[in-house]
Amino acid sequence: MTTTTTTTTSPSPVPHSASHDAGSITRVPGIEVGHFTDPRRPTGCTMVMAREGAVGGVDVRGAAPGTRETDLLDPSNLVEKVHGIMLAGGSSWGLDAASGAVRWLEERGFGFDVVVGRLPLVPSAVLFDLLVGDMRIRPDAAAGYAACEAASRADPAEGNVGAGTGAAVGKIFGIQNAMKGGIGTASVTVDGVTVGALIACNALGDVIDPDTAQVIAGARTDDGRQLRDTRRALLRGEPPRPLLAGTNTTIGVIATDATITKAQAHRLAVAAHDGLARSINPVHTMSDGDTLFTLGTGVAGKNPGMMVLSTMAAEATAIATARAVRAARSVTTAEGLYLPSAQDLA
């Protein structure tokens, strides 16, 4: 019999930069986002949909990724466009959520024309949230289908929703000293072209404010009351107590309405990892499976050049990563694990 996990949450936090509109990935025309959050424990999935198709790219930097259909995004391979990206918790089990998205799109006639029908292409990446609550509860095909049902052009919810529901950060000194991660989004517009990012942050390392370089959330001191500052702790010689490889991971999608090629989509995903490096430390470790996708809808009908687009992608990624933890709320599982939020330690 499957047991359930209950959670308690702190009051809703004050959004970061409340007076400033950070935008969202759905500000990119042609992009929709839908979350599914499993009420039985902290887990879920998020669908970033481009139902009419978008040029796709990917760059995997972490050493322990969990992915589906990333090979088709190689610039040298045949298919030019995909129809969405599925981000999910549940480790490798969560990859099943993409099957639900494929079914939802097929039922509505979207996909790659294979003569006898249309085949929706939905690459996917997962993060490991199995230590938070009952690991037997994880996103499946029905969860992916529900995320598609919820998809819209509205600014997506952030924090403890979708793929960020069970996320935790700062686990390098043990899960008992970690904090709550989440999902965040942001966008940047320059000369009529928009680049947006959606990031589910479940990092081994700390999350850093990209403007001030101050630690926002991450490993706590042994008394649980303060941030430890992982970078300085490691340099002082404190021994890490990392979890098994792959039990972390930051995953996300960068989207733009610029007209880009498949090779340029790949380069944008590469550049977006610079944004992760500005907002997570350490990042791209042997215990992370950091994976970023790119979607290019081409609706703007122009390209300001890769230097500008790359700068925009890194910026949106860094801001979205910080927002992921700033929007998160604390969680206490039925098993007694307490993950405070950034607001709790602010």
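At-a-glance table
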{"quantity": "Fully extended contour minus Cα-Cα distance, from ARG225 to ALA154, at 0.36 nm per residue", "calculated": "21.9 nm"}
{"quantity": "Structure-based [θ]222 nm, the chain - -39500 (n - 2.57) summed over DSSP H runs of at least 4, per residue, nearest 500", "calculated": "-6000 deg cm²/dmol"}
{"quantity": "Ranking by accessible area, most exposed first, for HIS35, HIS83 with a 1.4 Å probe", "calculated": "HIS35, HIS83"}
{"quantity": "26 Å Cα-Cα reach of LYS180 towards lysines, excluding residues that sit fewer than 8 places from it in its own chain", "calculated": "LYS171"}
{"quantity": "Span from the region 60-86 Cα centroid across to the region 328-344 one, whole angstrom", "calculated": "33 Å"}
{"quantity": "Accessible area of the chain divided out per residue, in Å², using a probe of 1.4 angstrom", "calculated": "38 Å²"}
{"quantity": "Protection proxy ranking, peptides 100-109, 200-209, average beta carbon neighbours within 10 Å, highest first", "calculated": "200-209, 100-109"}
{"quantity": "Portion, in percent, of the accessible area of the chain that falls on carbon or sulfur, probe 1.4 Å", "calculated": "53 percent"}
{"quantity": "Given charges at beta-carbon only (K, R positive; D, E negative), |dipole| of region 83-180 in Debye", "calculated": "160 debye"}
{"quantity": "Separation of alpha-carbon centers, region 24-57 and region 124-193, rounded to whole Å", "calculated": "10 Å"}
{"quantity": "C-alpha center-to-center spacing [region 211-231, region 263-317] in angstrom", "calculated": "26 Å"}
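The values are calculated or read from the model by the stated rules, or taken from the named source; none is laboratory data. Keep in mind it's a predicted model, so treat the numbers as computed, not measured. No Cβ is skipped: glycine too gets one built from the backbone with ideal geometry, and neighbour counts run over all protein chains shown. These area figures cover heavy atoms from the full protein model, side chains too; ligands, DNA and RNA do not enter into them. Shrake-Rupley method; radii C 1.70, N 1.55, O 1.52, S 1.80 Å.
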